[in-house]
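See structure below.
The values are calculated or read from the model by the stated rules, or taken from the named source; none is laboratory data. Everything numeric in this text was worked out from a predicted model, so none of it was measured. We place every Cβ from the backbone using ideal geometry, glycine too, and count neighbours over all the protein chains shown. Just so you know, the surface numbers come from the protein's heavy atoms only, side chains and all, with ligands and any DNA or RNA stripped out. Shrake-Rupley method; radii C 1.70, N 1.55, O 1.52, S 1.80 Å.
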Amino acid sequence: MIDKIETLLHEGRGELAQASSEAQVEAARVKYLGRTGLLSALRKSMGQVPSEERPKVGKLVTEAIAAFEGLLEETRKGLAERALEADLNREKLDVTLPGRTLHRGRRHPVSQAMDDLVEIFARLGFHVADGPEIEWDLYNFEKLGLPADHPARDMQDTFYLETATQPKPPAGSPPTRGSQEQLLLRTHTSPVQIRTMLSQPPPVRIIAPGKVYRVDSDVTHTPMFHQVEGLHIEKGLSMAHLRGTLDAFVKAFFGRSIETRLRPSYFPFTEPSAEVDISHPACGGKGCRLCKGTGWLEVLGAGMVNPDVLEGVGYDPEQITGYAFGVGIDRLAMLRHGADDLRAFFDNDVRFLHQL
């Protein structure tokens, strides 16, 4: 048995010495150490060895198997080194060439503007609220004072979906009658305000940033754009609180030299309503081609929450008041970076993005 062990180990060493590929090494492993391998079979034949010699023979078998496993590892390592050396000799490396510069990415200007908005309003005490982009007509229009025949809907033409393809709303959600059961891509983030007010009592102080959709496309509009809306509901709020909040926001975003003004306007969900203008950042309010010589630029809409909206979500308009506002984040990014075409932000042209 001892002679057989030495013979098998010698033969295995010779086969590995002649191996020139991983396949040949693997074949030798199976031949000697596989389930029916020559060295493995020695352990199964230990019963034929006299009992007084079994400890000595068993030790030699174990040592032979361990030695062969070591030879396998050395052979594989040698093959890998020879393969690497062959590759290096085949492909000459010029170590004098300059290194390849890895350019680090950065936040998209619209994403950066959104992050800045969230941070600014967080300092003013607002919390971020979120809601679905596929919305029910009830929340997107009806509860905001925009029934099916309201002319203001024409300004918010959007993309509609087949209701049958969407999961049904939970019990107590929109009634299944008329246009209220229609699903659409939200035209503003105002539905988040409605959902928040339906889910909690006053006070409410939230902002709702996110994507919105309208059928519109030109240098200042895209079918998908980003918006942030704010809502503050509490006892004793007035237009003065709205003006102060928006003035603080504008100065934090554009700089302390920027001034604001409110112009009377109309929105179904606020009363009274106002358009908010800022002194044009490019000309400092002196007048230029971009602001058509006025020195002012409209950036957002705002107003006191319509009592009908408060009553529609279960709030008492006799006890509380609130204000709301909305601004296009992409438009703010345009102003911040001096871009003249909103669509360029979504073209994924790194040459444009590197200029900002």
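Looking at (1) out of contact with any Ser or Thr (no Cβ under 7 Å at 6 or more places or on another chain); (2) on the phi > 0 side of the Ramachandran plot, which is the only condition Gly210 fails?
So Gly210 meets the others, but not (1).
Is it true that some residue in the range 196-204 is open to solvent by 10 Å² or more (accessible area, probe 1.4 Å) and either of a type in the set (D, E, K, R) or under 15 Å from Ala302 (Cβ atoms) (or both)?
Looking for residues that are open to solvent by 10 Å² or more (accessible area, probe 1.4 Å) and either of a type in the set (D, E, K, R) or under 15 Å from Ala302 (Cβ atoms) (or both), one finds none in the range 196-204, hence no.
What about Val128, is it open to solvent by 60 Å² or more (accessible area, probe 1.4 Å), β-branched (Val, Ile, Thr), touching a residue at least 40 places away in the same chain (Cβ under 8 Å) and touching a helix residue (DSSP H, G or I) at 6+ places or on another chain (Cβ under 8 Å)?
yes
How many residues, within the range 316-356, are in contact with a Pro (Cβ under 7 Å, 6 or more places away or on another chain), in contact (Cβ under 8 Å) with a residue 24 or more places away in the chain, open to solvent by 20 Å² or more (accessible area, probe 1.4 Å) and not in a helix (DSSP H, G or I)?
Summing the residues that are in contact with a Pro (Cβ under 7 Å, 6 or more places away or on another chain), in contact (Cβ under 8 Å) with a residue 24 or more places away in the chain, open to solvent by 20 Å² or more (accessible area, probe 1.4 Å) and not in a helix (DSSP H, G or I) in the range 316-356 gives 1.
Any residue that is on the phi > 0 side of the Ramachandran plot, in contact (Cβ under 8 Å) with a residue 24 or more places away in the chain and open to solvent by less than 100 Å² (accessible area, probe 1.4 Å) - is there at least one of those in the range 117-125?
So far as the range 117-125 goes, yes, one or more of its residues are on the phi > 0 side of the Ramachandran plot, in contact (Cβ under 8 Å) with a residue 24 or more places away in the chain and open to solvent by less than 100 Å² (accessible area, probe 1.4 Å).
So Gly303 fits all but one of (1) under 32 Å from the mean Cα position of the chain (by Cα); (2) free of Cβ contacts under 8 Å to residues at least 24 places away in the same chain; what number is the exception?
Among (1) under 32 Å from the mean Cα position of the chain (by Cα); (2) free of Cβ contacts under 8 Å to residues at least 24 places away in the same chain, Gly303 violates only (2).
Could you identify the single residue in Phe121, Phe68 that is touching a strand residue (DSSP E or B) at 6+ places or on another chain (Cβ under 8 Å) and at pLDDT 75 or above?
Phe121
Give the residues of the range 220-245 that are surrounded by 15 or more Cβ atoms within 10 Å (Cβ to Cβ), more than 28 Å from the chain's Cα centre (by Cα) and touching a residue at least 24 places away in the same chain (Cβ under 8 Å), sorted by residue number.
Across the range 220-245, the qualifying residues are Ile233, Leu237, Met239, His241, Leu242, Thr245.
Taking Glu259 as the residue in question, decide whether it is more than 30 Å from Tyr160 (Cα to Cα) and open to solvent by 10 Å² or more (accessible area, probe 1.4 Å).
Answer is yes for this residue.
For the range 257-277, state whether one or more residues are over 29 Å from Glu142 (Cβ atoms), in contact with a strand residue (DSSP E or B) (Cβ under 7 Å, 6 or more places away or on another chain) and assigned to a loop (DSSP other than H, G, I, E, B).
The answer is yes, given that some residue of the range 257-277 is over 29 Å from Glu142 (Cβ atoms), in contact with a strand residue (DSSP E or B) (Cβ under 7 Å, 6 or more places away or on another chain) and assigned to a loop (DSSP other than H, G, I, E, B).
On the basis of being over 22 Å from Phe345 (Cβ atoms), in contact with a Pro (Cβ under 6 Å, 6 or more places away or on another chain) and not in a helix (DSSP H, G or I), does Ile233 make the cut?
Spelling it out, Ile233 is indeed over 22 Å from Phe345 (Cβ atoms), in contact with a Pro (Cβ under 6 Å, 6 or more places away or on another chain) and not in a helix (DSSP H, G or I).
Taking the range 88-111, which residues are in a helix (DSSP H, G or I) and open to solvent by less than 70 Å² (accessible area, probe 1.4 Å)?
Pro109, Val110, Ser111
All but one of (1) of a type in the set (A, V, I, L, M, F, W, C); (2) within 23 Å of Thr321 (Cβ to Cβ); (3) surrounded by 14 or more Cβ atoms within 10 Å (Cβ to Cβ); (4) more than 34 Å from the chain's Cα centre (by Cα) hold for Cys283; which doesn't?
Cys283 satisfies all of (1) of a type in the set (A, V, I, L, M, F, W, C); (2) within 23 Å of Thr321 (Cβ to Cβ); (3) surrounded by 14 or more Cβ atoms within 10 Å (Cβ to Cβ); (4) more than 34 Å from the chain's Cα centre (by Cα) except (2).
Could you tell me whether Thr321 is among the hydroxyl-bearing types (Ser, Thr, Tyr) and out of contact with any Lys or Arg (no Cβ under 8 Å at 6 or more places or on another chain)?
no
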